[in-house]
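Here the structure is laid out as structure tokens; the discussion comes afterwards.
Please treat every number below as a calculation from the coordinates, not as lab data. Source: prediction; values computed, not measured. Here the Cβ is made from the backbone with ideal geometry for all residues, glycine too, and neighbour counts use every protein chain on show.
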């Protein structure tokens with residue numbers, strides 16, 4: 001699975017699909033199936049259901065099972081499915097069992113809930129989860145989770161821990177981690193709107209990244225990925241200047257817009273994703289108007305899709 005994930009990361013961006021809800025907040029599984037099938041059809045390197053963008057934190061265990069199962073079925077073995085798990089290790093292990101039963105290929109260990117802990121505790125959290133699932137683990141460090149080089153060596157020595165997703169964007173720390181990791185260990189950029197820092201991450205040996213933009217505009221995400229891969233710096237600069245930076249300026253206005261603005265953009269494209277669940281809040285009219293303008297500018301930078309997808 002490590003080799004398959006590596007190949008996927010080299011092939012395209014990593015898709016983190018949104019979870020579809022009805023206006024009353026209930027899970028809309030049929031809409032989610034339609035949406036995730038469209039995501040898979042764009043050919044991402046891997047698909048990560050029920051993670052941060054997919055509002056893992058708001059799903060109960062039955063909903064989680066349905067979301068992961070639907071993703072596995074819609075992917076049909078064409079690309080790796082990496083399901084999110086989280087909270088304390090005991091609850092994370094429950095979600096891990098569900099994901100394994102649903103057919104997921106690997107797990108993304110989201111930061112634990114609420115409390116901070118020392119390095120020994122961070123390592124023990126991963127050890128406890130790894131002891132309770134056979135699936136490969138990618139550990140996500142952000143917020144209260146930040147590993148030292150020595151701690152990374154400890155978790156990387158666990159047979160099923162295959163990689164690290166970084167959301168801190170501390171490139172000094174990240175370089176120390178990449179140098180401490182064993183050969184073949186996977187790293188990818190998990191910063192919010194990761195394209196903004198993609199060149200900086202690549203400079204320290206971490207070219208792979210997740211893309212929230214792929215959740216609503218896979219053609220823009222693909223254009224950026226191709227330009228970055230081909231070292232087409234003028235095109236990278238134009239995409240950053242005319243789309244990504246204006247998008248981030250709106251995203252930074254309100255807490256939680258890292259998810260709710262992405263979902264709003266998907267709705268503008270006609271994607272069946274529905275609203276966010278509390279404590280997130282959907283954007284107001286002024287922010288939606290700005291988002292629509294920025295999205296149109298981004299789509300003008302890429303050729304029309306062959307299928308004539310809604311703009």
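Computed from the Cβ-Cβ distance with R0 of 22 Å, the FRET efficiency linking residue 34 to residue 292 stands at 0.45.
Dimensions of region 205-311 based on its C-alpha atoms, expressed as ranges along the principal axes with the largest first, amount to 40, 34, 22 Å.
Protection proxy ranking of 214-225, 33-44, by the mean of other Cβ atoms within 10 Å over each peptide's residues and highest first, is 214-225, 33-44. All C-alpha pair distances within the chain, sorted into 10 Å bins from zero, spread as 6, 29, 37, 23, 5, 0 percent across the bins.
The simple Förster model, with R0 at 22 Å and r as the Cβ-Cβ distance, assigns residue 267 and residue 301 a FRET efficiency of 0.55. Descending by average beta-carbon neighbour count within 10 Å, the peptides 46-57, 156-167, 268-279 line up as 46-57, 156-167, 268-279, the highest first. Under 25 °C and 0.890 mPa s, how fast does region 20-127 diffuse according to Stokes-Einstein, given a Kirkwood radius computed over C-alpha pairs? Answer in µm²/s, whole number. Value of D from the Cα-based Kirkwood radius: 170 µm²/s. Please find the FRET efficiency linking residue 153 to residue 131, where r is the Cβ-Cβ separation and R0 is fixed at 25 Å, and quote it to the nearest 0.05. Once the sixth-power term is evaluated, E becomes 0.85. Per-residue ellipticity at 222 nm computed for the chain from its helices equals -13500 deg cm²/dmol, with DSSP H segments shorter than 4 residues left out and the rest contributing -39,500 (n - 2.57).
Potential lengthening of the chain between residue 175 and residue 230 amounts to 17.5 nm, from the contour at 0.36 nm per residue minus the alpha-carbon distance. Any chance you could check the Cα centroid distance between region 120-188 and region 218-265 for me, in angstrom? Rounded to whole Å, the Cα centres lie 27 Å apart.
What the Cα convex hull of region 122-281 gives, in volume per residue, is 142 Å³.
With viscosity set to 1.567 mPa s at 4 °C, what whole-number translational diffusion coefficient in µm²/s follows for region 1-41 from Stokes-Einstein and a Kirkwood radius over Cα pairs? After rounding, the answer is 109 µm²/s. Label positions at residue 278 and residue 22, each projected 7 Å from the Cα along the C-beta direction, are separated by 1.9 nm. Available extension along the chain between residue 62 and residue 10 is 15.4 nm, counting 0.36 nm per residue and deducting the alpha carbon span. As a test, work out the antiparallel percent of DSSP beta bridges whose residues both lie in the chain, rounded to the nearest 5. Close to 5 percent.
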